[in-house]
Amino acid sequence: QVQLVESGGGLVQAGGSVRLSCAASGRTFSIRTVGWFRQAPGNEREFVAAIRWSGGTTYYADTAKGRFSISGDRNTVYLQMNSLKPEDTAVYYCAAATVFRFGYSASSNYDYWGQGAPVTVSS
């Protein structure tokens with residue numbers, strides 16, 4: 001079992017920055033990939049970024065490229081978000097996959113999820 005807890009969300013003005021943290025506990029050695037997803041009211045959950053520990057490869061959604069950065073290790077993963085826009089307002093979730101699967105952007109490929117951290121970007 002792996003437990004994930006997000007922190008660092010809150011209210012920020014457009015153009016500002018927020019760093020989200022995802023603290024993992026339990027069988028962290030089994031984690032292969034950590035992803036960040038977000039869900040805005042009325043929308044489906046969407047992929048934001050992911051990191052694979054084998055090779056340290058990172059992946060980003062087009063909406064996140066150039067503004068967001070994922071980093072960390074098996075115990076804590078960060079999502080640094082810069083130049084925030086009102087459309088970035090959402091609940092942000094971290095997720096962990098304990099099996100290597102193709103398709104880092106598919107939420108169905110992740111085994112464990114955190115409770116979510118709300119981020120509100122005001123205009």
### Query
If eta is 1.306 mPa s and T is 10 °C, what Stokes-Einstein diffusion coefficient results for the chain, Kirkwood Rh from Cα pairs, in µm²/s?
112
### Query
Non-local amide H neighbours of THR89 (under 5 Å, H modeled in plane, Pro and chain starts lacking H): which ones?
VAL121
### Query
Which of the trypsin sites (Lys or Arg not before Pro) found in region 54-123 are loop residues per DSSP with 12 or fewer other Cβ atoms within 10 Å of their Cβ?
LYS65
### Query
Which whole-number percent is the relative contact order of the chain (Cα, under 8 Å, 6+ apart)?
36
### Summary
In order over region 94-109: 3J(HN,Hα) from phi, Karplus 6.51/-1.76/1.60, θ = phi - 60°, whole Hz, x for each Gly or Pro, gives 9, 9, 10, 10, 9, 10, 6, 9, 6, x, 5, 8, 8, 4, 5, 8
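If N is the number of residues in region 11-67, what value comes out of its Cα radius of gyration divided by 2.2 N^0.38 Å?
Here the answer is 1.33, to two decimals.
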### Query
Which ³J(HN,Hα) values in Hz, rounded to whole numbers, follow from the phi angles of region 63-74 under the Karplus curve 6.51 cos²θ - 1.76 cosθ + 1.60, where θ = phi - 60° and Gly and Pro get x?
5, 9, 4, x, 10, 10, 9, 9, 7, x, 9, 5
### GNM flexibility winner over the chain from ALA95, ALA50, ALA23 (Cα, springs under 10 Å)
ALA23
## Note on the structure
Taking r as the C-beta separation of ASN75 and ALA14 and R0 as 35 Å, the FRET efficiency to the nearest 0.05 is 0.65
### Query
Whose amide H sits under 5 Å from the amide H of ALA49, counting only residues 5 or more places off or on another chain, with H placed in the peptide plane?
TRP36, ALA61
### Task
Quick one: what are the phi-derived ³J(HN,Hα) couplings along region 8-18, Karplus 6.51/-1.76/1.60 with θ = phi - 60°, whole Hz, x for glycine and proline?
x, x, x, 9, 9, 7, 3, x, x, 10, 9
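Taken together, the values in this text are just the output of simple stated rules run on the coordinates, not laboratory data. In this text the structure is predicted, and so the values were computed from the model without any measurement. Note that each Cβ is placed from the backbone with ideal geometry, even for glycine, and that neighbours are counted across all protein chains shown.
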